[in-house]
């Protein structure tokens with residue numbers, strides 16, 4: 001093949017270049033896709049709330065209901081903060097006072113957030129100090145803190161209702 005002298009030189013692709021179609025580009029694209037999917041599932045995830053499994057509740061029969069009147073929830077305070085995922089967390093802190101004559105292994109509270117009407121917009125039950133190594137003895141008080149990740153925007157920003165909804169006594173020896 002004869003080329004004119006002033007024509008620019010254009011190299012012809014070798015057979016080796018034709019066999020491997022841009023391996024760096026394919027590898028880079030695969031890494032970018034995998035990283036994008038990883039970030040999506042880690043941070044964005046599905047927008048619907050996951051199915052809530054039924055939580056075991058503490059007993060609240062006649063004996064527990066009668067004893068619930070001897071428990072006081074005092075110094076209730078609310079705070080709001082943003083977590084690392086830019087979600088607003090509402091925290092409730094309080095003190096639980098045991099004015100009864102029995103030691104408690106665990107106490108369950110139910111917290112109700114209301115709207116302006118006042119209709120309940122969120123109701124959640126939490127077991128307090130169930131895994132604590134020491135029970136709550138008679139006459140003692142214990143600090144508690146409960147956090148809520150998904151308080152509806154229709155909440156009236158007032159203090160939620162907090163009631164005792166379950167009690168587990170320590171065994172009598």
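The values are calculated or read from the model by the stated rules, or taken from the named source; none is laboratory data. This structure is a prediction, so every number in the text was calculated from the model and none was measured. Cβ sites come from the backbone with ideal geometry, for glycine too, and all protein chains shown count toward neighbours.
Structural remarks
- Scoring residue 112 on the criteria (1) in contact (Cβ under 8 Å) with a residue 40 or more places away in the chain; (2) surrounded by fewer than 18 Cβ atoms within 10 Å (Cβ to Cβ); (3) over 23 Å from the mean Cα position of the chain (by Cα) leaves a single failure, condition (3).
- Search result, residues across the range 85-109 that are touching a residue at least 24 places away in the same chain (Cβ under 8 Å), more than 24 Å from residue 60 (Cα to Cα) and not in a strand (DSSP E or B): 85, 87
- Residue check for residue 145: within 25 Å of residue 70 (Cα to Cα) and either under 18 Å from the mean Cα position of the chain (by Cα) or surrounded by 12 or more Cβ atoms within 10 Å (Cβ to Cβ) (or both): yes
- Qualifying positions in the range 151-173 - closer than 15 Å to residue 106 by Cα, under 22 Å from the mean Cα position of the chain (by Cα) and surrounded by fewer than 19 Cβ atoms within 10 Å (Cβ to Cβ): 163
- The single condition from (1) under 15 Å from residue 69 (Cα atoms); (2) in contact with a strand residue (DSSP E or B) (Cβ under 7 Å, 6 or more places away or on another chain); (3) assigned to a loop (DSSP other than H, G, I, E, B) that residue 162 fails is (3).
- Within the option set 151, 51, being in a loop (DSSP other than H, G, I, E, B), in contact with a strand residue (DSSP E or B) (Cβ under 8 Å, 6 or more places away or on another chain), over 22 Å from residue 171 (Cα atoms) and at pLDDT below 95 holds for one residue only, 151.
- Long-range neighbours under 9 Å by Cβ, at least six apart or interchain, first residue more than 22 Å from residue 85 (Cα to Cα) within the range 24-43, second at pLDDT 75 or above and surrounded by 10 or more Cβ atoms within 10 Å (Cβ to Cβ): none
- The range 67-84 - residue that is surrounded by 10 or more Cβ atoms within 10 Å (Cβ to Cβ) and outside any strand (DSSP E or B) and, of those, nearest to the chain's Cα centre (by Cα): 83
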